[in-house]
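A short write-up of the structure that comes next.
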Amino acid sequence: KKSFFPKGRAGLKYCVDKASAHGIAIGLHTLSNFISTNDAYVTPVPDRRLAVTGYSVLSEGISASRREILIKDPSSFKQFRNNYLKAVRIGNEIIRYAAVSETEPWRLLDCRRGSFGTLPARHSKMDTIFKLADHAYKVFLSNPELTVEIAENIANLYNETGVRQISFDGLEGCR
């Protein structure tokens, strides 16, 4: 966080070294694979490795401003338990929706286009629409490949700065 460490990792290393000289170990609380909605993995271009819980295809093309999205199969989108962000990804756009129509033609309703700093875009009939996995903390989750990258990033941070204590939280997100 730049406001805490304007010199980045070098600033964190300085704090770790200073604390260590006084017998204090510095640690971090880590939410395993929880990805905040303003993270570089989300915005401005969402990473393709954000975890998904299902998908469908568009029944017709949509303009960048359309607030109803027609889909072939609603099954991945109708489940609202553990669906806190109600977010989907089409291409490089994340879209939030409020509900799914009760009858055919299946539609995602009251869509908020270009959510989380992504850009609203036109999409073509038969484009794939992915339901993004999220958590009650209103964060996205990573797929296994991205989880490994996140773990490597954490390891690199610890190795570069000398941080030695770690608290792993949010391991349920790794399921």
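The values are calculated or read from the model by the stated rules, or taken from the named source; none is laboratory data. It should be emphasised that the depicted structure is a prediction, and the values quoted were computed from it without experimental measurement. Cβ placement follows ideal geometry from the backbone for every residue including glycine, while neighbour counts extend to all protein chains displayed. The accessibility values were calculated without ligands, DNA or RNA, using every heavy atom of the protein model including side chains. Shrake-Rupley method; radii C 1.70, N 1.55, O 1.52, S 1.80 Å.
Compute the separation of the alpha-carbon centres of the range 138-153 and the range 1-75 and state it in Å as a whole number. Comparing the Cα centres of the range 138-153 and the range 1-75, I get a distance of 9 Å. Here the spin labels are modelled as points 7 Å beyond Cα on the Cα-Cβ line, and at Ala121 and Ile166 they lie 3.4 nm apart. Of the residues Tyr97, Phe34, Leu119, the one whose Cα sits farthest toward the positive end of the charge dipole of the chain, with +1 on the Cβ of Lys and Arg and -1 on the Cβ of Asp and Glu, is Leu119. Taking a ≥ b ≥ c as the square roots of the eigenvalues of the Cα gyration tensor, the range 100-142 is classed as oblate, since a/c reaches at least 1.5 and a/b does not exceed b/c. Is the shape of the range 59-155 rounded, prolate or oblate, going by the alpha carbon gyration tensor and its root eigenvalues a ≥ b ≥ c, with a/c under 1.5 for rounded and a/b larger than b/c for prolate? Cα axes put the range 59-155 in the prolate bin.
For the range 2-56, the spread of Cα coordinates along the three principal axes comes to 57, 20, 13 Å, biggest extent given first.
Loop-located chymotrypsin sites (Phe, Trp or Tyr not before Pro) in the range 86-140 (DSSP state other than H, G, I, E, B) with a sparse environment of at most 14 neighbouring Cβ atoms within 10 Å: Tyr137. Here Ser101 and Asn156 are evaluated by their C-beta separation; at R0 = 45 Å the FRET efficiency comes out at 0.45.
Here the accessible area is traced with a 1.4 Å probe on the protein chains. For the range 50-175, carbon and sulfur cover 50 percent of it. Heavy-atom accessible area with a 1.4 Å probe sorts Leu109, Leu50, largest first, into Leu109, Leu50. Ordering Asn153, Phe168, Phe5 by the projection of their Cα atoms onto the charge dipole of the chain, which places +1 on the Cβ of Lys and Arg and -1 on the Cβ of Asp and Glu, puts Phe5 at the extreme positive end. Counting only DSSP H runs of at least 4 residues, each contributing -39500 (n - 2.57), and dividing by the residue count of the chain, the helix-based mean residue ellipticity at 222 nm comes to -5500 deg cm²/dmol. With kT/(6 pi eta Rh) evaluated at 4 °C and eta = 1.567 mPa s, and Rh the Kirkwood radius from Cα pairs, the chain diffuses with a coefficient of 72 µm²/s according to Stokes-Einstein. Rounded to the nearest 0.05, what FRET efficiency do Lys72 and Val148 have when you use their Cβ-Cβ distance and R0 = 35 Å? That pair, Lys72 with Val148, gives E of 0.60.
Using the average count of surrounding beta-carbon atoms within 10 Å as a protection proxy, the listed peptides 5-14, 19-28 rank, highest first, as 5-14, 19-28.
The residues of the range 45-90 present an accessible area of 50 Å² per residue when probed at 1.4 Å with all protein chains retained. Using Cβ point charges alone (K and R +1, D and E -1), the dipole size of the range 51-161 about the Cα centre works out to roughly 520 debye.
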